[in-house]
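Please read the structure below before turning to the comments.
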Amino acid sequence: AENPGETLRRNRLYYFAMPSELYPPVANAVHRGGRAVDGGWTRLVLEKPFGSDAVSAAALNRHLAKAWMEKSLYRIDRYLGKEVIDNLLVMRFANRLLTPIWNRDNIANVQIIHKEPFGAISDYFDRHGIIRDVLQNHLLQILAVLAMDRPVSLDPEDIRDAKLKVLRQVDRVDVEHRVVAGQYVAHEGKLGYKDNPSVAADSRAPTFAMIVLNIRNERWDGVPFILKAGKALNEKRSEIRIQLRQTPGDIFGDQPAADVANPEAQNAYAGPNEFVLRLQPHEEMYMKLTIKEPGLGVQPVPSEMELSGRWRAEQLRKEAAGEAPRRAYERLLLDAVHGHQAHFVRGDELEAAWSIVDPVNAAIESGDVPLHEYPFGTRGPSQADALRAAVGHVAFVVPRDGVHLSSADDLASYDFSPKYASVPAGDVWGRAMDTGPGLMPPTHSA
């Protein structure tokens with residue numbers, strides 16, 4: 001206690017890193033004999049997945065509500081602790097530049113991507129699959145923050161009310177035409193998913209999924225939200241890519257020039273404008289705009305407006321000083337200690353998210369949605385690229401004028417040769433086709 005005579009309160013924070021079916025008995029045990037005394041608080045941090053579908057999640061919520069108030073429950077999703085997601089909230093509602101265009105009249109499509117280059121070998125994953133493991137929580141929470149209307153205030157309950165509203169407005173998924181699922185197979189010395197002895201030969205756990213969602217409200221109706229998650233893919237990357245519609249009456253055409261070196265080929269499409277927020281491997285934000293190629297003529301070329309330079313400078317300062325950056329889990333645990341729930345998932349939000357993906361999981365498990373095979377280390381099933389193109393996403397790979405360092409470690413992969421003086425060597429910053437305009441010339445087939 002800071003002041004004489006003040007009673008020191010002892011608070012208790014429990015972190016439940018266990019299967020969700022153990023939550024009820026463990027929470028009951030904490031309630032009976034593990035609560036704080038003398039006026040201290042007791043809070044439970046609950047790891048994902050919370051249930052396996054809407055029914056089981058609702059049952060868990062009802063059971064916990066018998067002894068625990070919602071203000072004591074912190075359903076954690078590490079993506080909500082990412083700096084980029086906080087910045088998305090601020091940029092959306094604090095900038096006149098973005099607020100008027102954040103709607104169906106200006107945005108053509110939205111991609112929310114989570115790609116991992118390693119496989120899945122755990123029994124946990126085989127029981128859940130990529131949709132329950134990643135898409136239902138991480139990607140739908142990103143969608144909620146990205147698509148929600150302006151909350152009444154920054155109060156945590158107002159923010160969670162806004163997220164709940166938009167999740168409830170998501171249409172039922174058209175599993176026949178708007179879903180692609182897959183499982184990876186052996187390739188170039190890497191084992192396939194079913195080559196693992198702990199995985200059943202008839203397992204239908206998807207290691208890849210792409211789902212196209214529609215939000216039926218005035219702001220978003222008709223804009224495809226493309227959610228993609230997969231393991232054993234060609235790179236590690238998580239990002240949000242918001243692609244804008246083509247400029248009405250565009251005098252520069254809608255196709256790239258066949259020969260950009262030809263001075264007569266001046267009017268050529270330079271790709272769509274995009275707003276990109278990358279969560280990993282390096283957090284960054286930039287806007288992709290069209291400018292004029294230096295020199296004679298008015299050849300349009302893509303360029304990028306960097307929005308994360310301040311982060312990068314602060315990161316380099318901390319690395320030079322030997323300071324460890326604050327990770328997402330650390331930020332979230334500090335929020336739990338301080339009782340701030342804006343970055344945690346409320347029970348009704350969770351049930352709404354499960355309701356979106358339950359029909360997809362049921363269709364995959366029943367065989368109504370086929371599991372397409374794809375080789376380990378590739379982009380995933382070719383059917384996913386076809387679906388993305390069918391709903392209107394424009395893949396447009398172009399070189400980037402420069403590159404921004406997130407860490408001094410990136411210098412090790414830099415190629416300072418005259419040909420690519422500002423482009424790193426290797427695949428470290430290579431962009432695959434589903435990123436739209438890339439940031440460097442691809443070093444391998446996309």
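The values are calculated or read from the model by the stated rules, or taken from the named source; none is laboratory data. Just so it is clear, the structure is predicted and the values come from calculations on it, not from any experiment. For neighbour counting, all protein chains shown are included, and Cβ atoms are generated from backbone atoms with ideal geometry for every residue, glycine included. Keep in mind that these areas ignore ligands, DNA and RNA; they rest on the heavy atoms of the full protein, side chains included. Shrake-Rupley method; radii C 1.70, N 1.55, O 1.52, S 1.80 Å.
Summary of values
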{"item": "Qualifying residue in region 241-252 (condition: modelled with pLDDT of 95 or more, among the basic types (Lys, Arg) and over 14 Å from the mean Cα position of the chain (by Cα))", "result": "no"}
{"item": "Odd one out for residue 324 among (1) at pLDDT 75 or above; (2) over 22 Å from the mean Cα position of the chain (by Cα); (3) among the hydrophobic types (A, V, I, L, M, F, W, C)", "result": "(1)"}
{"item": "Residues of region 142-155 classified as open to solvent by less than 10 Å² (accessible area, probe 1.4 Å) and part of a helix (DSSP H, G or I), total", "result": "5"}
{"item": "Residue satisfying condition, being free of Cβ contacts under 8 Å to residues at least 12 places away in the same chain, over 30 Å from residue 71 (Cβ atoms), acidic (Asp, Glu) and open to solvent by 10 Å² or more (accessible area, probe 1.4 Å), within set 221, 195, 158", "result": "195"}
{"item": "Of all residues in region 111-136 being open to solvent by 10 Å² or more (accessible area, probe 1.4 Å) and within 15 Å of the chain's Cα centre (by Cα), the one that is nearest to residue 195 (Cα to Cα)", "result": "116"}
{"item": "Residues of region 217-244 satisfying the condition of being part of a loop (DSSP other than H, G, I, E, B), of a type outside the set (Lys, Arg) and more than 16 Å from residue 148 (Cα to Cα)", "result": "232, 234, 235"}
{"item": "Some residue of region 349-371 being more than 30 Å from residue 200 (Cα to Cα) and within 21 Å of the chain's Cα centre (by Cα)", "result": "yes"}
{"item": "Residues within region 169-183 that are among the hydrophobic types (A, V, I, L, M, F, W, C) and part of a loop (DSSP other than H, G, I, E, B), tallied", "result": "2"}
{"item": "Residue pairs meeting the criteria (Cβ under 9 Å; at least 6 apart or on separate chains; first polar (S, T, N, Q), in region 36-65; second in a loop (DSSP other than H, G, I, E, B) and at pLDDT 95 or above)", "result": "42/68"}
{"item": "Region 161-190 residues that are closer than 15 Å to residue 135 by Cα, paired with ones that are of a type in the set (Ser, Thr, Tyr) and assigned to a strand (DSSP E or B) (beta carbon under 9 Å, 6 or more apart)", "result": "182/374"}
{"item": "Residue, modelled with the lowest pLDDT, within region 292-321, restricted to residues that are outside any helix (DSSP H, G or I) and under 30 Å from residue 161 (Cα atoms)", "result": "308"}
{"item": "Top-ranked residue of region 198-216 - restricted to ones that are in a loop (DSSP other than H, G, I, E, B) and hydrophobic (A, V, I, L, M, F, W, C), ranked as most open to solvent (accessible area, probe 1.4 Å)", "result": "201"}
{"item": "Qualifying residues in region 12-54 (those that are among the small types (Gly, Ala, Ser) and closer than 22 Å to residue 78 by Cα) - the one surrounded by the most Cβ atoms within 10 Å (Cβ to Cβ)", "result": "27"}
{"item": "Contacts under 6 angstrom Cβ, first residue in region 365-378 being within 16 Å of residue 195 (Cβ to Cβ), partner of a type in the set (Phe, Trp, Tyr) and at pLDDT 95 or above, 6 or more apart", "result": "374/184; 376/184"}
{"item": "Filter result (surrounded by fewer than 16 Cβ atoms within 10 Å (Cβ to Cβ) and either among the polar types (S, T, N, Q) or touching a Gly at 6+ places or on another chain (Cβ under 7 Å) (or both)) within region 73-105", "result": "95, 99, 103, 104"}
{"item": "Only one of 209, 232, 201, 205 that is under 30 Å from residue 162 (Cβ atoms) and of a type in the set (Gly, Ala, Ser)", "result": "209"}
